[in-house]
Amino acid sequence: MNQAEGNIFNNLRIVELAGELGAYTGKLYADLGAEVIRVESLEGDPTRREKPFYKDVPGTENGLRYQYLNTNKKGIVLDITTPEGKEAFLKLIPTIDLLIESFAPGYLESLGLGYETLSSLNPKLVHTAITPYGQYGPYKDYPYSDLTTMAMGGMLFLAGADNDKPALAPDKQSFFQADLYAALGSMLAVMHADLTSEGQFIDVSIQESVATALENAIQTYDLEGRIRRAAGAVEAGYGTYTCQDGHVYVMAAMGRNTHLWDPLVKWLLEEKIPNAEVLQGEEWQEPDYRKKEEAKDVFKEIFEQFSARYPKNVLYEESQKRNVVIYPVNNAKDVLENFQLYYRNYFREMYSESIKGKLTYPGPPYSLEKLPWALKSSAPAFGQHTVEVLSELGYSIEEIKSMGERGVSYAK
């Protein structure tokens, strides 16, 4: 990693062996200025064929997940299972700082492209492998999906409440968790390589990544022998309630502490909500009473007469003035139109040449004064940079054309 000019990301070169896993890892680097080269097979990245599509039209370039995950990257098509494709890939290795891949354990070794081979060509190489269960252990070769890794990591069970069936968060959150840890581990290893000239292999397990996000569930079982789940509607005044345009989350009770309960009841009385005076009874200060089904039903009936009058954001804004804990349960539309995010310019628009249209992208969840985040280019079209990258490696235009004709690569 040469730091002679620009920030450390501007001088970082990364190869990403394209797939669902690792794409977000590469994106985090690319959006901060690193040169990220995606190497796709002739079949193409599977996210290209994944719904939803731009304007609901299926197409190689139209997958919105693909478009989001691959901003600011270069893209080449190369069949690394062929002798010529393998040769070209090996020529690329001495020029990079980081390799990100998600093949099954042992697959690259079977092609003669394992870490030992690659590091012999580039001793400073950081090789990050993201797999469902890691590179070793009894589960290492098991098939997987986001559903199975969420289940195996414990998140699926934790997301449900009481005796409800487990709940799956959408959009492959376990993959994003692993990609985030891969990005962090890779950065630490790249910094180490820069200081010591020693590269290393990084083994990232999706299951382990998910297991780190279980709050205190594992500690609760270890110390108390109790298997906990999400809180759910554990007592009156605590949980999700309907409002005029959706749902709000309310926390009006915390043990015998009345500083949350009293302001809410006062508000309900001011609004002249039928039977709100019932909530002034001393029994409502007792957690055991609020946990009774009867108490939950009474509170719900009274509160939802009030909440039905207002949209979630009105309830939220007014609750902030009254020291009442009511939060909107935002859907995607609410988030896109959220005033706070709009004020901070969180969402960014950019024209995508490959789809001939403008897309709105989530921005960075951080603001770095010295390392600017930017959307400079949309996701690469299939084979868009094949000629550019192979030319840098010494291949002539005639050789690149011949490789395309023989199914070794593809150039747009």
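Overview of results
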| item | result |
| --- | --- |
| Estimated dipole of the stretch 238-335 in Debye, rounded to 20 [Cβ of Lys and Arg +1, of Asp and Glu -1, Cα centre] | 300 debye |
| Sequence-distant aspartates and glutamates (8 or more away, or on other chains) whose Cα lies within less than 15 Å of LYS272 | GLU301, GLU304 |
| Taking ARG256, ARG290 and counting other C-beta atoms within 10 Å, the order from fewest to most | ARG256, ARG290 |
| Within the chain, helix-based [θ] at 222 nm, where runs of 4 or more DSSP H residues each add -39,500 (n - 2.57), nearest 500 | -10000 deg cm²/dmol |
| Interchain or long-range residues, amide H under 5 Å from LEU12's placed H | GLU35 |
| Rounded if a/c under 1.5, otherwise prolate or oblate - the stretch 57-183, Cα gyration tensor axes | prolate |
| Karplus (6.51, -1.76, 1.60) ³J(HN,Hα), θ = phi - 60°, over the stretch 64-74, in Hz, Gly and Pro reported as x | 5, 5, 4, 4, 5, 6, 10, 4, 6, 9, 9 |
| Relative contact order %, the chain, counting alpha carbon pairs below 8 Å whose residues are six or more apart | 18 percent |
| Among the listed pairs LYS124/LYS356; LYS55/LYS412; LYS91/LYS370, those beyond 30 Å (Cα-Cα) | LYS124/LYS356; LYS91/LYS370 |
| Only Lys, Arg (+1) and Asp, Glu (-1) charged, at Cβ; the chain dipole about Cα centre in debye | 700 debye |
| The stretch 238-335: radius of gyration over Cα atoms, expressed as a fraction of 2.2 N^0.38 Å | 1.03 |
| The stretch 238-335, relative contact order in percent, only Cα pairs under 8 angstrom and at least six apart counted | 39 percent |
| Percentage relative contact order, the stretch 175-329, counting C-alpha pairs under 8 Å, at least six apart | 23 percent |
| Which of ALA30, PRO105, ALA88, positive extreme of dipole for the stretch 1-154 (C-beta unit charges) | ALA30 |
| Positive-end residue of GLN280, ASN323, ILE130, charge dipole of the chain with Cβ unit charges | ASN323 |
| The chain - share of DSSP beta bridges that are antiparallel (%, nearest 5) | 45 percent |
| Listed peptides 56-66, 395-405, 175-185 by packing density, highest first (mean Cβ within 10 Å) | 175-185, 56-66, 395-405 |
| Gyration tensor verdict on the stretch 106-259 (Cα atoms; rounded if a/c is under 1.5, prolate if a/b is larger than b/c, oblate otherwise) | prolate |
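No lab work stands behind these numbers, since they all come straight from the coordinates. If you're wondering where the values come from, they're calculated on a predicted model, not measured in any experiment. A quick note on method: Cβ atoms are made from the backbone with ideal geometry, for glycine too, and the neighbour counts reach across all protein chains shown.
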